[in-house]
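What follows is one structure encoded as structure tokens, with my remarks underneath.
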Amino acid sequence: MSKDTHAEEHLQAGAWPFVTLRHETRDGRRLLWRARDHRKGLFRHRRALEHVRAPAWQTARYNWIMGLVFVIGASLFMAGSAMALYPKLVSGLPGWTTNVTFFLGSIPFTTAAYLQLFQAANADQTAAGSGVRPKLFGWSPDSPGWLSAATQFVGTVAFNFNTFDAINAPKGWVAQDLAIWTPGMIGSVLFLVSAYLAYIEVGHAHFSKPRRELGWWIAAINLVGCIAFMIASTLAYVPRHGVSAGLMDVSNANLWFGAFCFALAAALSMREARHAGDGV
């Protein structure tokens with residue numbers, strides 16, 4: 001948040017140790033600063049007051065495209081989970097079809113996660129074409145938004161390995177757990193950490209009640225999806241004597257529901273995008 005001699009800060013709040021909410025008076029006007037809105041460019045009134053044009057990564061178009069790419073990735077994960085639950089859906093197709101669908105879904109996930117990380121890394125740049133080179137990754141450990149985006153991005157990379165290795169799964173339960181289950185668990189843990197950081201960023205507390213704010217619901221739905229992914233990954237562990245078909249069905253059902261939550265949250269973020277920057 002930019003400051004000048006005409007701004008006076010009155011109140012700040014957030015889940016310790018973060019500050020995600022500030023009240024201030026600027027030129028006689030009471031303004032509310034929210035960390036998530038600042039990160040995504042959802043503050044047209046502030047830009048109008050400061051006569052600042054939104055950089056490309058805080059425009060409605062950027063946020064909308066990012067949400068769409070997340071929807072594509074989540075939809076492919078939903079399709080892969082449905083194929084795993086109902087093999088008749090892919091009868092007559094090569095046996096690797098389901099796992100390739102998961103891998104294809106992991107690519108948009110990683111792409112959108114990086115777009116989000118890039119946006120968070122450059123949240124404090126106030127004007128496009130200012131001559132300051134954008135940061136590729138950044139380093140803002142005091143920002144829950146940046147930490148959320150960074151952990152999510154690393155988690156999606158772990159799922160790239162998890163889904164790719166599953167296309168031609170190695171033989172033996174130890175090799176399968178090392179090559180497939182372990183990166184999947186790492187990705188799920190990082191997703192859960194990322195979702196909780198996003199949740200406290202928008203709720204300004206370690207636990208917050210439902211709000212009449214679209215951003216809160218996006219973060220909450222995403223958190224539920226990450227919990228479902230965590231359950232799915234835990235149940236996907238392959239023991240020495242093999243995993244039961246029933247347990248794998250429960251795992252795939254949770255995977256489908258988690259991906260559904262991601263798709264819903266991303267679709268809501270596309271709706272929210274219309275409030276960003278200077279419009280499309």
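General observations
- Amide N proximity, the stretch 208-233 versus Arg30 label position 7 Å along Cα-to-Cβ, cut-off under 20 Å: 212-213
- The stretch 126-280: relative contact order as a whole-number percent, Cα under 8 Å and 6+ apart: 21
- The protection proxy used here, the mean number of other Cβ atoms lying within 10 Å of each residue, ranks peptides 240-247, 103-110 as follows, highest first: 103-110, 240-247.
- For the stretch 71-143, the mean projected area of the C-alpha convex hull, equal to one quarter of the hull surface, is 7.0 nm².
- Computed over the chain: relative contact order in percent, which uses C-alpha pairs under 8 Å that are six or more apart: 26
- For the stretch 148-256, the alpha carbon positions stretch 49, 28, 19 Å along the principal axes, listed from largest to smallest.
- Using C-alpha pairs under 8 Å with a sequence gap of at least 6, the mean separation divided by the residue count of the stretch 124-200 gives a relative contact order of 39 percent.
- Here each label is just a point 7 Å from Cα along the line to Cβ, and for Thr97 and His10 those points are 6.2 nm apart.
- Counting charges near Gly145 (Lys, Arg +1; Asp, Glu -1) among other residues having Cβ under 9 Å from its Cβ returns a value of +2.
- Derived from the Cα gyration tensor, the three semi-axes of the equivalent ellipsoid of the chain are 39, 18, 16 Å, largest first.
- Gain on full extension, evaluated as 0.36 nm per residue between Ser244 and Asn168 minus their Cα-Cα distance, stands at 25.3 nm.
- Per-pair calculated FRET efficiency, R0 = 45 Å: His206 and Leu178 via Cβ, rounded to 0.05: 0.85
- J(HN,Hα) series, the stretch 133-141, from Karplus relation 6.51 cos²θ - 1.76 cosθ + 1.60, nearest Hz, glycine and proline x: 6, x, 7, 6, 10, x, 7, 9, x
- Total formal charge among the other residues, if their Cβ is under 15 angstrom from that of Met270, Lys/Arg +1 and Asp/Glu -1: +3
- Average projection area in nm² (convex hull over Cα atoms of the stretch 54-110, one quarter of hull surface): 4.2
Values in this text are rule-based calculations from the coordinates and carry no lab data. Bear in mind the structure is a predicted one, so any value in this text is a computation, not a measurement. Here Cβ is always computed from backbone atoms with ideal geometry, including for glycine, and neighbour counts include all displayed protein chains.
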